[in-house]
1. Which distance in nm do the two modelled labels at M1 and A80 give, with both placed 7 Å along the Cα-to-Cβ direction?
2. Plugging the Kirkwood radius over Cα pairs into Stokes-Einstein for the chain, at a temperature of 25 °C and a viscosity of 0.890 mPa s, what D comes out in µm²/s?
3. Between S17 and S93, take the C-beta separation as r, use R0 = 35 Å, and let me know the FRET efficiency to the nearest 0.05.
4. Sorted by mean Cβ packing within 10 Å, highest first, what order do the peptides 86-96, 1-11 take?
5. Between segment 50-97 and segment 1-44, how many Å separate their Cα centres?
6. Rounded to the nearest 500, what is the 222 nm mean residue ellipticity of the chain from helices alone, with -39500 (n - 2.57) per DSSP H run of 4+ residues and division by all residues?
Amino acid sequence: MEFNDYQRAANRTLFGSEQVLTNCALGLSSETGQVVDLVKNYTFHGKKLDKSELTKEMGDVLWYLSQVAQWADISFDDVAKQNIDRLNERYPSATPRD
């Protein structure tokens, strides 16, 4: 799936018109915290990493991030492309991992 296609499809489920940016930013923070908590419990508390739950929470992070971009009229493809361009500039000799 292309990032812009995802962004449009995700936007279908965005409800509310007031304080949408604040809601999405807070939701992004909350969902990111849930990803962090799963990793913390795996790393420091010896819990099994539940990949299904991790995938679900990462999807929630992706949804909120796409909607912050949507609100700001920023193409999600542009977000991804600019990030890769910055990484390539920062780490020009890095090689892909398998």
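1. 1.1 nm
2. Numbers: Rh = 15.3 Å.
Calculated translational D: 160 µm²/s.
3. Numbers: r = 47 Å, r/R0 = 1.35.
With a Förster radius of 35 Å, E is 0.15.
4. Details: 86-96: 7.8, 1-11: 13.9.
In descending order of packing, they fall as 1-11, 86-96.
5. Cα centroid of segment 50-97 versus Cα centroid of segment 1-44: 12 Å apart.
6. On the way: 4 runs with 71 residues, N = 98.
Helix contribution divided over all residues of the chain: -24500 deg cm²/dmol.
No lab work stands behind these numbers, since they all come straight from the coordinates. For clarity, every value in this text was computed on a predicted model and none was experimentally measured. So basically every Cβ, Gly included, is an ideal-geometry build from the backbone, and we count neighbours across all protein chains shown.
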